[in-house]
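What follows is a single structure, written as structure tokens, with notes after it.
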Amino acid sequence: MTEKQKETVNEEVVDEAVELNKQPEDSKEASEENQVDEVTQLKADLAEKEDQYLRLQAELANIRKRNQKEKEDAAKYRSQSLATELLPVIDNLERALAIEVTDEEGQNLKKGLEMVMDSFKTALEHEGIEVIDPLNQPFDPNYHQAIQTAPLEEGQEANTVVNVFQKGYSLKERILRPAMVIVAQ
């Protein structure tokens with residue numbers, strides 16, 4: 001082998017060695033980049049799962065609050081249906097008490113009806129049911145139902161209740177039945 005050929009072979013061997021040395025560095029860099037990408041992906045997945053977890057926790061807390069409020073409302077308004085059924089009975093008792101009686105038997109009957117009416121009123125008060133009797137008060141469509149209008153008379157203001165046909169009732173802040181009224185216009 002000539003000198004020139006030896007140099008050429010030596011250069012080729014050196015070039016191959018350099019390339020071999022470069023490849024592991026490239027593969028090291030590539031594997032490090034893969035590891036960095038994996039770590040970044042795992043961190044993103046973790047953040048997404050944490051977000052989902054927190055959202056589920058918040059949703060569960062909202063469900064618990066909603067259920068608690070529904071329970072409280074059910075307990076608060078438990079007597080609503082019974083009261084609604086008894087309101088016509090109370091109206092009829094009030095009409096019966098409005099009748100004038102002259103004989104002693106009628107007086108005794110009226111006294112008995114007054115006692116029943118007092119018992120009803122006491123029971124309603126214990127359940128938180130209040131009477132809406134808006135005579136001479138401003139008309140409020142949230143609590144009153146106007147069934148007729150009447151012309152203004154002296155001393156009356158417009159939109160004032162001048163007559164109550166039927167009392168209204170409310171349970172806590174909920175209207176069971178609006179008062180039926182005549183309003184001055």
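The set of residues in segment 47-76 that are open to solvent by 100 Å² or more (accessible area, probe 1.4 Å) and among the aliphatic types (A, V, I, L, M) comprises Leu54, Leu56. Within the option set Leu113, Leu82, Leu60, Leu93, being part of a helix (DSSP H, G or I), within 26 Å of the chain's Cα centre (by Cα), at pLDDT 90 or above and not β-branched (Val, Ile, Thr) holds for one residue only, Leu60. Return yes or no: is Ala83 surrounded by 10 or more Cβ atoms within 10 Å (Cβ to Cβ) and under 14 Å from Leu171 (Cα atoms)? Yes, satisfied.
Tell me the strands (runs of 3 or more DSSP E) entirely within segment 127-184 that contain at least 2 residues that are in contact with a strand residue (DSSP E or B) (Cβ under 6 Å, 6 or more places away or on another chain), β-branched (Val, Ile, Thr) and under 23 Å from Pro88 (Cβ atoms).
Numbers: elements: 129-132, 144-150, 161-166, 168-171, 174-177, 179-184.
Qualifying strands (runs of 3 or more DSSP E): 129-132, 161-166, 179-184.
The values are calculated or read from the model by the stated rules, or taken from the named source; none is laboratory data. What you see is a predicted model, and the numbers here were worked out from it, not measured in a lab. Note that each Cβ is placed from the backbone with ideal geometry, even for glycine, and that neighbours are counted across all protein chains shown. Only protein heavy atoms, including side chains, enter the accessible area calculation; ligands, DNA and RNA are left aside. Shrake-Rupley method; radii C 1.70, N 1.55, O 1.52, S 1.80 Å.
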